[in-house]
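First the structure, in the form of structure tokens, and then the observations on it.
The values are calculated or read from the model by the stated rules, or taken from the named source; none is laboratory data. Because the structure is predicted, anything quoted here is derived from the model rather than measured. Cβ placement follows ideal geometry from the backbone for every residue including glycine, while neighbour counts extend to all protein chains displayed.
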Amino acid sequence: MTQNKLATNRITYNYAGIEKRTRNSALRFLFAKLGVQFLKSLFKFLPGIDNSIYQKGDNKEFYVEIVPSFLGMFSKHWEIKEKSVERFVELGVAVRSMHAPWIDDGKVFQTARKSFLENVLDVTDYSSTTLLCLYSHLHLYDLIAPKEQDKVLIVHPIPSSPYKTEKEIIKSITKVVKKILPMLRDQNVKLVIENMPWMKKKHERYTTSLGDALFFDKLMNEVPDPYYGVLFDWGHANTYARFMYTHGITHREHEFTSESLARFEYQNYFIHRLHDKIMYGHLNFNEAHDLLAKPPFYARNFDAHADLTHMNEQEYEYYKKNMQALGNVPHLVGMTIESIPSYTSRIKRIQRYKDSVEILNSMLQSHS
């Protein structure tokens, strides 16, 4: 029995999902939604790694994925806050992936200072602000992670404008990437662009492009470089497939049917189509493929970010095929189990992460 290249040391945990100070983060999120700036400022927090998963002195490498904006590491002008960085470094954890802040829709972009995300990034906008944001994230990596370690910076391709064409989006992202490539190489960081979900009521017209493997193939072909690639998000791909099926949209290379939905065939198509361009993975689960299921109240487009524990036996087998295909892509740095934490039970939250790791490892094992 041999293991697929994606063994345990390639699995990264979603940092927002294993924080100790659950109460503080929930309150801050509430105040942010209400726009109460003063109250929100009282609940600045830096989550800690739970001792049941990570312990200093353990020989096993434990990697986390962070969103620096969640952790208060930047000012509104993208200056790095040294004290926040010092507190993070004291935790002694290894960071393999860092997620730049994102845009949900134009409204969020306009009210960014009142949102949970204190800063946002529109990578389709070639501007000094965009470049400064990316440079600051790369400089932050220089402060918290060894240069020789493989690292990725994750970016969403959603524009703030609802009027940009696919051609304009590709042109703008390409211009930004070319500008920051020298620093990516110098810092040994891969920039990865993430496939988007069904963006219901959130720039929905962009769904057909930004969730499509063909879009990412065109985007990557503009700048073929070993420090630039695709992040494959399983849950996003699942909701995209449901969107295409629900709206009866014809795809040039893939047929969306109820059977292909149930078998997670679009995910396999995406992985094989972009085989040499995928560098990272986000793994979670949702029920977009189930035509009888209803989306959860917090994810009207089915993008639930549930743990891998939620799938049944048949779904497990189809998901396993996806994972074995993903594990065989040549330039994969790693993947994050990206599930939403439970704010009601700390014990359940930690246990579901552990169980998801076990499930994923069972999928990645293969006979020689």
Discussion item. Return the pair list, or none, for Cβ contacts closer than 7 Å from residues in the range 144-166 that are touching a residue at least 60 places away in the same chain (Cβ under 8 Å) to residues that are surrounded by 15 or more Cβ atoms within 10 Å (Cβ to Cβ) and part of a loop (DSSP other than H, G, I, E, B), at least 6 apart or on different chains.
Written reply: D150/V333; K151/A145; K151/N188; V152/V333; I154/A100; P157/V123; P157/T124; P157/M196
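Filter the range 151-200 down to the residues that are polar (S, T, N, Q) and in a loop (DSSP other than H, G, I, E, B) and list them by number.
Within the range 151-200, S160, S161, T165, N188, N195 meet the criteria.
To keep it simple, each residue is scored yes or no on (1) more than 22 Å from P197 (Cα to Cα); (2) at pLDDT 95 or above; (3) out of contact with any strand residue (DSSP E or B) (no Cβ under 8 Å at 6 or more places or on another chain).
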position: N286; (1), (2), (3): no, yes, no
position: L291; (1), (2), (3): no, yes, yes
position: P295; (1), (2), (3): no, no, yes
position: D307; (1), (2), (3): no, no, no
position: Y316; (1), (2), (3): no, yes, yes
position: Y319; (1), (2), (3): no, yes, no
position: N328; (1), (2), (3): yes, no, yes
position: S339; (1), (2), (3): no, no, no
position: S345; (1), (2), (3): yes, no, yes
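Any residue at all in the range 264-285 that's of a type in the set (V, I, T) and crowded, with 19+ Cβ neighbours inside 10 Å?
Taking the range 264-285 as the starting set, the residues that turn out to be of a type in the set (V, I, T) are 271, 278.
Among the residues that remain, those that are also crowded, with 19+ Cβ neighbours inside 10 Å are: 271, 278.
Yes: one or more hits.
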Discussion item. Exactly one of these conditions fails for S209: (1) among the small types (G, A, S); (2) under 22 Å from M323 (Cα atoms); (3) without any contact (Cβ under 8 Å) to a residue 60 or more places away in the chain. Give me its number.
Written reply: (2)
Worksheet item: Within the range 82-101, how many residues are crowded, with 16+ Cβ neighbours inside 10 Å, without any contact (Cβ under 8 Å) to a residue 60 or more places away in the chain and either assigned to a loop (DSSP other than H, G, I, E, B) or not aliphatic (A, V, I, L, M) (or both)?
Response: 6
Fill in: Residues within the range 234-250 that are under 20 Å from L274 (Cα atoms) and among the hydrophobic types (A, V, I, L, M, F, W, C), tallied
4
Practice prompt. Output the number of the condition that K107 fails; it satisfies all remaining conditions of (1) modelled with pLDDT of 80 or more; (2) among the basic types (K, R); (3) surrounded by fewer than 16 Cβ atoms within 10 Å (Cβ to Cβ).
Written response: (1)
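Looking at the range 238-295, which of its residues are part of a helix (DSSP H, G or I), small (G, A, S) and within 23 Å of S356 (Cα to Cα)?
A262
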